[in-house]
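Here is the structure we will look at, set down as structure tokens.
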Amino acid sequence: MATTAAKKKLVVCGGNGFLGSRICKAAVARDWDVTSISRSGEPNWPSVSSHQTAPSWSKSVTWRAANILQPESYKADLEGADAVVHSMGILLEADYKGVLTGKESPIAGMRRAFSATKMGSSANPLDRKSGEALEPGEQDGQLTYELMNRDSAVILAKEANEAKVSAFAYISAAAGAPILPGRYISTKREAESTISTTFPRMRSVFIRPGFLFDSSRGFTMPMAAVTYGGFLANSLTGGNLTWLMGAGGAKPLKADLVAEAVVEGLADEQVKGPVEVKEIESLANRAWRKGML
């Protein structure tokens with residue numbers, strides 16, 4: 001008698017976001033059992049896609065509202081999961097946003113935004129005791145790079161490891177950028193290092209894309225064009241401008257392509273460690289070829 005293989009279970013933290021929702025969609029297309037964890041549950045579809053209402057595939061996803069800094073709010077969702085994705089990092093902190101929107105003094109805001117370090121969580125996530133909720137360490141409760149890009153990923157990886165999850169994907173970045181504080185990329189690299197060294201049993205996949213774009217977010221299209229120009233200039237120098245341009249010298253990628261690569265990377269047990277732009281494209285192309293068979 002033929003037996004049916006058990007569905008893979010995927011948990012996407014940040015699954016209602018721009019990239020996270022596409023990761024959910026790519027996994028649903030493979031008939032995986034998908035759960036999204038985020039503060040608000042189901043996405044605000046017009047803000048993350050071209051849809052005004054929930055697309056048909058979204059009905060196959062379990063949309064859960066939970067707090068990544070409070071593992072007890074999602075611990076049960078990790079039980080039996082084959083893979084977990086962290087897609088909850090931030091690009092700009094509140095200080096930087098305040099300057100750009102005119103809500104904060106440019107001098108004070110930029111000084112704080114580009115400070116050498118900020119507080120992450122209220123306690124070391126690796127030392128968290130059962131039932132203990134982590135809180136933002138900054139006095140004003142700001143969501144910092146240290147908190148969202150590093151500590152939230154480490155606490156999720158810790159919980160996934162304890163739940164015997166086989167694979168963990170962290171959405172990192174190709175590099176920083178001259179216009180961003182250095183802590184943006186340094187905290188991502190710190191997260192990668194901590195996760196890979198602390199949880200060696202779990203296969204860790206660190207996705208490092210450049211700028212992400214999609215026509216549903218109109219403002220990303222001209223930015224992608226500018227970034228592509230930077231990529232071409234960097235390519236002509238053999239990559240010698242990377243130190244100056246950061247992610248501005250990396251090829252911009254369509255968000256759907258990166259999502260396909262994430263799912264393909266989790267499905268392939270040979271994929272682990274940092275996954276750079278060229279490998280992201282290769283994984284996505286492989287996934288699409290499979291889908292055409």
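What the table below lists for this structure:
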| item | result |
| --- | --- |
| Hey, Ala108 at pLDDT 70 or above, in a helix (DSSP H, G or I) and open to solvent by 30 Å² or more (accessible area, probe 1.4 Å) or not | no |
| Tally, over segment 218-231, of residues that are outside any loop (DSSP other than H, G, I, E, B), without any contact (Cβ under 8 Å) to a residue 24 or more places away in the chain and of a type in the set (Phe, Trp, Tyr) | 1 |
| Residues (part of a helix (DSSP H, G or I) and open to solvent by 60 Å² or more (accessible area, probe 1.4 Å)) located in segment 54-84 | Ser56, Lys59, Ser60, Glu72, Lys75, Ala76 |
| Odd one out for Val271, checked against (1) in a helix (DSSP H, G or I); (2) open to solvent by less than 70 Å² (accessible area, probe 1.4 Å) | (1) |
| The lone exception for Ala175 - which of (1) aliphatic (A, V, I, L, M); (2) assigned to a helix (DSSP H, G or I); (3) open to solvent by 10 Å² or more (accessible area, probe 1.4 Å) it fails | (2) |
| Any hit, segment 252-263, residues being outside any helix (DSSP H, G or I), under 25 Å from Ser196 (Cα atoms), open to solvent by less than 70 Å² (accessible area, probe 1.4 Å) and in contact (Cβ under 8 Å) with a residue 12 or more places away in the chain | no |
| Residue check, Gly41 in contact with a strand residue (DSSP E or B) (Cβ under 7 Å, 6 or more places away or on another chain), at pLDDT 95 or above, open to solvent by less than 30 Å² (accessible area, probe 1.4 Å) and part of a loop (DSSP other than H, G, I, E, B) | no |
| Candidate set: segment 178-208, residues that are hydrophobic (A, V, I, L, M, F, W, C) and assigned to a helix (DSSP H, G or I); chosen: the one most open to solvent (accessible area, probe 1.4 Å) | Ile185 |
| Scope segment 159-171; condition surrounded by fewer than 23 Cβ atoms within 10 Å (Cβ to Cβ) and either acidic (Asp, Glu) or assigned to a loop (DSSP other than H, G, I, E, B) (or both); matching residues | Glu159, Glu162, Ala163, Lys164, Ser166 |
| Residue check, Ala26 at pLDDT 95 or above, hydrophobic (A, V, I, L, M, F, W, C) and either in contact with a helix residue (DSSP H, G or I) (Cβ under 7 Å, 6 or more places away or on another chain) or closer than 18 Å to Ala259 by Cα (or both) | yes |
| Any chance Thr117 is open to solvent by 10 Å² or more (accessible area, probe 1.4 Å), of a type in the set (S, T, N, Q) and closer than 30 Å to Asn234 by Cβ | yes |
| Ser215 open to solvent by 20 Å² or more (accessible area, probe 1.4 Å) and part of a loop (DSSP other than H, G, I, E, B) | yes |
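The values are calculated or read from the model by the stated rules, or taken from the named source; none is laboratory data. Keep in mind that this is a model prediction, so the values were computed, not measured. A quick note on method: Cβ atoms are made from the backbone with ideal geometry, for glycine too, and the neighbour counts reach across all protein chains shown. Accessible surface areas use protein heavy atoms only, side chains included; no ligands, DNA or RNA. Shrake-Rupley method; radii C 1.70, N 1.55, O 1.52, S 1.80 Å.
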